[in-house]
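The values are calculated or read from the model by the stated rules, or taken from the named source; none is laboratory data. Just so it is clear, the model here is predicted, and its values are computed rather than measured. Note: ideal-geometry Cβ built from the backbone for every residue, glycine included; neighbour counts use all protein chains shown. Heavy atoms of the whole protein, side chains included, go into the accessibility calculation; ligands, DNA and RNA do not. Shrake-Rupley method; radii C 1.70, N 1.55, O 1.52, S 1.80 Å.
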Amino acid sequence: APVIVAVGVAGIIGTFLGGRAVDALGPPRALLAFLIGVFAAPAAMVLLGLVGGPYPVLLVGALFVLYGVATWGISPATQAWLLHRAGASSANELIALQNSTMFLGFSVAGGVGGLALKTGGPAAVPVIACGCVAAGLVLFMTAFRRGIGEDES
């Protein structure tokens with residue numbers, strides 16, 4: 001229970017930091033920074049799994065907190081990026097669509113994580129998570145290189 005509470009508090013902090021990062025770095029760079037953070041947490045879990053355990057609860061909790069901060073820090077950056085691209089005329093619809101796709105992603109992630117757990121065991125879950133985040137990073141970098149978002153950086 002304490003880890004779940006810590007992750008929830010980390011999400012609130014991440015949302016706040018995401019907004020601050022958008023102001024300081026611009027939406028594309030803030031989004032990239034938080035995506036790297038989202039990748040770092042399961043990547044560290046993979047490394048810990050390779051080294052062996054058991055590990056202190058505080059270490060595992062810290063990785064989950066990092067993941068919570070980074071995951072929820074993405075939202076303000078994504079919203080700012082999308083709103084800048086679309087303009088104010090469709091802001092309500094765009095944010096509603098973005099939130100819907102975000103929660104769809106959470107749902108799909110639960111299924112993918114469950115499948116990874118069933119087929120590869122607990123060690124497969126962070127490996128699959130790294131692959132999914134890496135795919136997101138590739139898509140983001142492709143969009144950025146094609147000029148989408150260049151004017152906000």
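So for each of 33-44, 91-102, 58-69 I average, over its residues, the number of other beta carbons within 10 Å; can you give me the resulting order with the highest mean first?
Highest-to-lowest ranking by the protection proxy: 33-44, 58-69, 91-102.
Where q = 0.16, 0.18 Å⁻¹, what log10 of I(q)/I(0) comes from the Debye formula for the range 23-75, counting one point per Cα?
So the normalised log intensities work out to -0.51, -0.60.
For the chain, what size does the Cα cloud have along each of its three principal axes, sorted from largest down, in whole Å?
For the chain, the Cα extents along the three principal axes come out at 52, 29, 25 Å.
Given a 1.4 angstrom probe, what's the average accessible area per residue across the chain, in square angstrom? Let's see the in-between values first.
Values: 9020 Å² over 153 residues.
Spelled out: the 1.4 Å probe surface of the chain, per residue, equals 59 Å².
Determine the dipole magnitude for the chain: charges of +1 sit on the beta-carbon of Lys and Arg, -1 on that of Asp and Glu, nothing else is charged, the reference point is the Cα centre, and the result goes in debye to the nearest 20. Provide the component values of the computation, followed by the final result.
On the way: 6 positive and 5 negative charges, 52 e Å.
Magnitude of the dipole: close to 260 debye.
Restricting to Cα pairs below 8 Å that are 6+ residues apart, what does the relative contact order work out to for the chain? Please round to a whole percent.
For the chain, the relative contact order is 35 percent.
Report in % the part of the accessible area of the chain that belongs to carbon and sulfur, leaving out ligands and nucleic acids; probe 1.4 Å. Walk me through the numbers on the way to the answer.
Working: 6680 of 9020 Å².
Here carbon and sulfur together make up 74 percent of the probe-accessible area.
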